[in-house]
Amino acid sequence: VPLPQIIRVQSPEGVKRITATKRETVATFLKKVAKEFGFRNNGFSVYTNRNRTGEITASQNKSLNLLKIKHGDMLFLYPSSPAGSSSETMDTSVSQSLRPAGAPQVVEDEIDQYLIKQDGKIYRNRDQQLCRHGPLGKCVHCVPLEPFDEDYLNHLEPPVKHMSFHAYIRKLTGGADKGKFVALENISCKIKSGCEGHPPWPEGICTKCQPSAITLNRQKYRHVDNIMFENHTIADRFLDFWRKTGNQHLGYLYGRYTEHKDIPLGIRAEVAAIYEPPQIGTQNSLEILEDPKAEVVDEIASKLGLRKVGWIFTDLVSEDTRKGTVRYSRNKDTYYLSAEECITAGNFQNQQPNICRLSPDGHFGSKFVTVVATGGPDNQVHFEGYQVSNQCMALVRDECLLPCRDAPELGYAKESSSEQYVPDVFYKDIDKFGNEITQLARPLPVEYLIIDITTTFPKDPVYTFSISQNPFPIENRDVLGETQDFHSLATYLSQNTSSVFLDIISDFHLLLFLVTNEVMPLRDSISLLLEAVRTKNEELAQTWKKSEQWATIEQLCSTVGVPLSGLHEYGAMGGSAHAAAVAMWACQHCTFMNQPGTDHCEMCSLPRT
């Protein structure tokens, strides 16, 4: 009986060992190779040399012994090229085969597509003291630096602790292999499904399906490097709720992602508006309620060229009402984000994943940011920006992280139960002797999960939406007596008499009201106006102003009893529309528009009040 021998076969996916005999034919051996690597017939070629010479084909009809292939030899497998047989084409096909599954199909964000094409290197001028070469030469003192150079980032003012995400990608893809084997894997804390060698958890588990233990490390990169509010008015109007009630408040940030030029290949989240969802706020708690309008708000923002880039909440306690100071409560001696806030941020980030071509899942991390309005060292209101790490996102997604009831700065990694297996979570700390030790994350200091982001306001304010001295009320502020209805719309229009219609209508909260109000929703007929606001096109806005929808809106406004001086200037029908609207009356119970001369509502039959 011929003794079995092991032949090693190296491919772009790794090395596998094939068991064969000396008398085995080449055709039989190649069938074993195809089965082991998952190839169909003729989908690959096998060579005896790495430089693709000495091809082994099934047509040779020889045994392995005659080809002098013996135990322990290494053969080289290359997938067949779909077009051409040149080495350049073969290399490309191999590289493409190593790309994560689905990567060619994902469409990354515009800012990512832009930064991929940028050089990203940090260019330096010739050093007069250290450089000994001519003006056209380069040396170690003036050669361009890579965007991930830590020494350069540490010497910026202020120092940058986290490189940008695209600089991190350049670091991964900058080696000799040009990132051929790079794949950004998302962490999983769940048992892999499909393991048939044992009963399901909790009866059984094996090393193949068991998730790996997690050691929390400081994330070296961040997906967003700066948060910028376009102007102070956006933040001031949001803070007005706390100033008037003393209760904490929450909102979603809508804006866009742009290039942040202060950091190599950096990304900035620019905030153009804040949407305030239904919520219940007290002096020390917030509860987010279900928002039936969430989908519509995202749709309108998308047509305005905006997207949801983050969330903001207040944590403010007044210290001296005469001076207008607030308490400085979040610092290194307490906490920056509580465990519950980290879990909420992780949940939001999981809902808004970052599309990434280098991930087998098509997404990696998130650009969704967290902003806290809280007291600073000078007892004034400061805006602090954060994200949670990808490790925290994984722990939150797989429901492995809990907050501690008595210590907001501590989280707690769940223990495994019969319903859920939870991998061990560790973090590194320094003991009293100065030694680095590994601790089980029960409990867990949440600073291991937090990435801080600089939050700024520009020297020259930017205005995506117009600013008015008498702005339209913000949604979901009924507790303040500020309601969005046609009475407030009529008041807003009567107080803003600008000759430029675009300045009047260019208000994020007003546009949302026009789309979502229950009396006259304009969801299907407002696209032209949204395009006019997005492009700041007054002619396009004037075209929409002449539509029947705006005439109907004006008629509804004319029936609420507000003196509308000059409102007819904006009407599509001029004075006739205004006169007709005055003659009609709106039912106070069902808001139906009734014809003049009637005493009872035609819809609900209730008397006119």
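Quote to one decimal, in nm, the extra length available between D73 and T325 on full extension: 0.36 nm per residue of separation minus the C-alpha distance between them.
Using 0.36 nm per residue and subtracting the Cα-Cα distance, I get 83.0 nm.
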Problem set entry | Between segment 415-447 and segment 142-217, the alpha-carbon center distance in angstrom | 20
For this session: Round to the nearest 0.05 the FRET efficiency obtained for E531 and L239 when R0 = 56 Å and r is the Cβ-Cβ distance.
Result: 0.95
Problem set entry | L289-Q380 pseudo-label distance in nm [points 7 Å out on the Cα-to-Cβ vector] | 3.6
Exercise. Using the alpha-carbon atoms, what tilt in degrees (0 to 90, nearest 10) does helix 87-97 show relative to the longest principal axis of the chain?
Worked result: 60
Seminar exercise, completed: Expected unfolding gain across L156-E447 under the 0.36 nm per residue rule, minus the alpha-carbon gap, is 102.4 nm
Exercise. Using a 1.4 angstrom probe with every protein chain in place, what is the largest-first accessible-area order of H162, H71, H133, H487?
Worked result: H71, H487, H133, H162
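Could you please put K70, K308 in sequence from largest to smallest accessible area, using a 1.4 Å probe? Don't skip to the end; give the middle numbers.
Numbers: K70 125, K308 40 Å².
I get K70, K308, largest accessible area first.
Using DSSP to call loops (not H, G, I, E or B), can you name the GluC sites (Glu not before Pro) in segment 186-275 whose Cβ has at most 14 other Cβ atoms within 10 angstrom? Intermediate results must be reported in sequence, preceding the final value.
Numbers: sites: E196, E203, E230, E259, E270; in loops: E196, E203, E230.
Passing both the DSSP loop test and the Cβ count: E196, E203.
Where in segment 346-412 are there trypsin sites (Lys or Arg not before Pro) that are in a DSSP coil and have at most 14 other Cβ atoms within 10 angstrom of their Cβ?
R405
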Problem set entry | Between helix 294-303 and the chain: long-axis angle, C-alpha atoms, 0 to 90°, nearest 10 | 80
For this session: Any chance you could look up the accessible area of C209 with a 1.4 Å probe, heavy atoms only, rounded to 10 Å²?
Result: 0
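Shape call for the chain from the C-alpha gyration tensor, a ≥ b ≥ c root eigenvalues: rounded (a/c under 1.5), prolate (a/b greater than b/c) or oblate?
On the way: a/c = 2.09, a/b = 1.87, b/c = 1.12.
Since a/c reaches 1.5 and a/b is larger than b/c, the shape of the chain is classed as prolate.
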Exercise. Okay, helix-only estimate at 222 nm for the chain: each DSSP H run of n ≥ 4 adds -39500 (n - 2.57), divide by all residues, round to 500 deg cm²/dmol; what do you get?
Worked result: -7000 deg cm²/dmol
For this session: Would you give the gap between the C-alpha center of segment 355-395 and the C-alpha center of segment 301-343, rounded to a whole Å?
Result: 13
Exercise. Does segment 5-79 classify as rounded, prolate or oblate by the C-alpha gyration tensor (a ≥ b ≥ c root eigenvalues; a/c under 1.5 gives rounded; else a/b over b/c gives prolate, otherwise oblate)?
Worked result: rounded
For this session: Grab the beta carbon distance between D262 and F592, set R0 = 56 Å, and tell me the FRET efficiency rounded to 0.05.
Result: 0.45
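Mind ranking R8, R442, R322 by accessible surface for me, highest first, 1.4 Å probe? Mind showing how you got there, number by number?
Numbers: R8 85, R442 65, R322 210 Å².
These residues rank, largest area first, as R322, R8, R442.
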Seminar exercise, completed: Note on the chain: contact order normalised by length, alpha-carbon pairs under 8 Å, 6 or more apart, percent, works out to 10
Problem set entry | Proximal lysines to K31, defined as alpha-carbon separation beneath 20 angstrom and excluding residues fewer than eight positions away on the same chain | K16, K22, K62, K68, K70
For this session: Would you mind counting up the charge near C142? Only other residues with Cβ under 13 Å from its Cβ, with Lys and Arg at +1 and Asp and Glu at -1.
Result: +4
For this session: Before anything else, pin down the relative contact order of segment 5-79: Cα pairs under 8 Å, at least 6 apart, normalised by residue count, whole percent.
Result: 44
Exercise. Taking a ≥ b ≥ c as the square roots of the eigenvalues of the Cα gyration tensor of segment 448-509, is the shape rounded (a/c under 1.5), prolate (a/b larger than b/c) or oblate?
Worked result: oblate
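In segment 396-491, which chymotrypsin sites (Phe, Trp or Tyr not before Pro) fall in coil by DSSP and have 11 or fewer other Cβ atoms within 10 Å?
On the way: sites: Y412, Y421, F426, Y427, F433, Y448, Y463, F465, F486; in loops: Y421, F433, Y463, F465.
Here the chymotrypsin sites (Phe, Trp or Tyr not before Pro) that fit, given the DSSP loop and packing criteria, are F433.
The values are calculated or read from the model by the stated rules, or taken from the named source; none is laboratory data. The shown structure was predicted, so the numbers you read here are calculated from the model rather than taken from an experiment. Heads up, the Cβs are rebuilt from the backbone with ideal geometry, glycines too, and the neighbour counts pull from every protein chain shown. Ligands, DNA and RNA are excluded from the accessible area calculation, which covers all protein heavy atoms including side chains. Shrake-Rupley method; radii C 1.70, N 1.55, O 1.52, S 1.80 Å.
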